[in-house]
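The values are calculated or read from the model by the stated rules, or taken from the named source; none is laboratory data. Every value quoted in this text rests on a predicted model; they were computed, and no experiment measured them. Cβ sites come from the backbone with ideal geometry, for glycine too, and all protein chains shown count toward neighbours. These area figures cover heavy atoms from the full protein model, side chains too; ligands, DNA and RNA do not enter into them. Shrake-Rupley method; radii C 1.70, N 1.55, O 1.52, S 1.80 Å.
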Amino acid sequence: MRTAFGATAAILLTVSTGWSEVVKPQDVTYVEGAVETSLSGAPGDPILGAEVMNKGAGNCIACHQVTALNHLPFHGEIGPMLDGVADRWTEAELRGIVANAKVMFEGSMMPSFYRTDGFIRLGDAYTGDAHGDGEVQPLLTAQQVEDVVAYLMTLKEE
Amino acid sequence: GLMPGIAVGDPDDDSLTINGEIAIVTEAAAPAHTENLDTIYSGWRFRTDETQAVQMDDFDNPGMIGVENAMVDWATADGAAGKSCADCHGAAENMAGVRAVYPKWNEEQGRVTTLEMEVNNCRENRMDAKKWKYTGGDMTDMIALISSVSRGMPVNVAIDGPAQSTWEQGKELYYTRTGQLELSCANCHEDSYGMMIRADHLSQGHINGFPTYRLKNTKLNSVHARFKGCVRDTRAHTYKPGSDEFIALELYVASRGNGLSVEGPSVRN
């Protein structure tokens, strides 16, 4: 009986994390640039993460080369090549870098993908107009960050 | 930054002579006030051979159509005073040297003015004509004409004396990281020139070639329109063409290219 009850409670908990445990951008805790737990409360999907790397979403390849994404045209070279990045960083570190690279790399040119405050002349996306009073959305959702981190974790060379 | 193994890519080694006779300086020692660069390069040096070739002969350069349009305006009376530019200034060639020193302190107005402001000042106050839109086609064509007669002359804007505070304001703007992407002009054009950002080969972002005919939008583009596009791409609220901010930024960016030749109308992608 006790075991059965325990199992039910565990299922309820898992279900509830799906919507209630998204960490808001302003509540993310960085420890030496790394973020330990999932921002969405759910695991990431590397296949969706590969799409986030492309234009229209994270546009990571505007600045990074990734051999595994060679079918996509025009990889930039502003940041390091990401091949083998999972050998260099832990999942928590990669989450921190994607969420706000400026914590890990002071003054980095890499945009903060999961931050919503502290901007100068914040615009309304790419319109050139002012943002207005509405709530600021981060460049990526919590789940997109998780997806892209899951994708980065597949980039191993060793 | 922490970018071991990534070196700043080089501009190419090509040299530019227009119509086989106007020699253009596309590489020069950086002026002392362009603090973080040793050598300055025209944006022409970062374009492909095909794009470069279009600028080498005025018959191929589509920007010269704008110059021809402006030559008509130059000689045509407009406004209540019944005067044309030519009535006061004579041949357009008399504007030789003017592009090279703008933006410039205007003693009468007590401020730094751009060429566009000077043209509109003549239109409104000397011709009694309607002013042109700052980045409009008539205006940009006229700036292309005024630039074309200075081609080959070194850019030499003054940054001291009464222009200094405007220059300082422009410098501040150049290094400010704007928008949700938090990128400054310097991030792209000083720290990363020579590198690819997606499909674009980043230049040092000089304005010696303006107006530029862009193959991408098939028209002549003014300095402030280009600034606006670059700021918009940082997901920022842009400044307006003709604003005090862009005037200051233009003076500062022009000064970074002191020593390069006037090239406008140039061709870019």
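Structure above, values below:
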| quantity | calculated |
| --- | --- |
| Residues with amide H under 5 Å from that of B:ASP128, placed H, sequence gap 5 or more | B:ALA81 |
| Ratio Rg/Rh, restricted to the stretch A:20-152 and using Cα atoms, in which Rh is the Kirkwood radius | 0.95 |
| Alpha-carbon Debye profile of the protein assembly as shown, log10 I(q)/I(0) at 0.14 Å⁻¹ | -1.25 |
| B:CYS122 - accessible surface, heavy atoms, 1.4 Å probe, Å² rounded to 10 | 30 Å² |
| With Cα atoms, 0 to 90° folded angle of helix B:244-256 axis to chain B main axis | 70 degrees |
| Cα-Cα P(r), chain B, percent of pairs per 10 Å interval | 7, 30, 37, 20, 5, 1, 0 |
| FRET efficiency estimate (nearest 0.05) - Cβ-Cβ, B:ASP49 to B:GLN109, R0 51 angstrom | 0.70 |
| Shielding of B:242-249 by partner chains, average beta-carbon count, 10 Å | 0 |
| Peptide A:112-123, shielding by other chains (average Cβ, 10 Å cutoff) | 5 |
| Angle between chain B longest axis and helix B:223-232 axis [Cα atoms, degrees, rounded to 10] | 40 degrees |
| Computed helical MRE - 222 nm, the protein assembly as shown, DSSP H runs ≥ 4 contributing -39500 (n - 2.57), nearest 500 | -9500 deg cm²/dmol |
| The stretch A:47-76-the stretch B:78-139 distance, computed between alpha-carbon centres (Å) | 47 Å |
| Debye, to nearest 20: dipole size of the protein assembly as shown, +1 on Lys, Arg Cβ, -1 on Asp, Glu Cβ | 860 debye |
| Calculated over the stretch B:65-203: convex hull of Cα atoms, volume per residue (Å³) | 153 Å³ |
| Relative counts (whole %) of C-alpha pair distances in the stretch B:145-269, using bins that are 10 Å wide | 13, 43, 38, 6, 0 |
| Total accessible area lost when A and B pair, probe 1.4 Å, Å² to nearest 100 | 2800 Å² |
| Two-site label geometry, A:GLU135 and B:LYS133: point separation in nm, points 7 Å out along Cα→Cβ | 3.8 nm |
| Fraction of accessible area attributable to carbon and sulfur, the stretch B:1-115 (%, probe 1.4 Å) | 51 percent |
| The protein assembly as shown, accessible area per residue, ligands and nucleic acids excluded (1.4 Å, Å²) | 48 Å² |
| Computed accessible area, B:GLU245, all protein chains, 1.4 angstrom probe, square angstrom | 60 Å² |
| 0 to 90° range, to nearest 10: angle between helix A:91-104 axis and chain A longest Cα axis | 40 degrees |
| 14 Å beta-carbon shell around B:ARG151, net charge (K/R +1, D/E -1) | -4 |
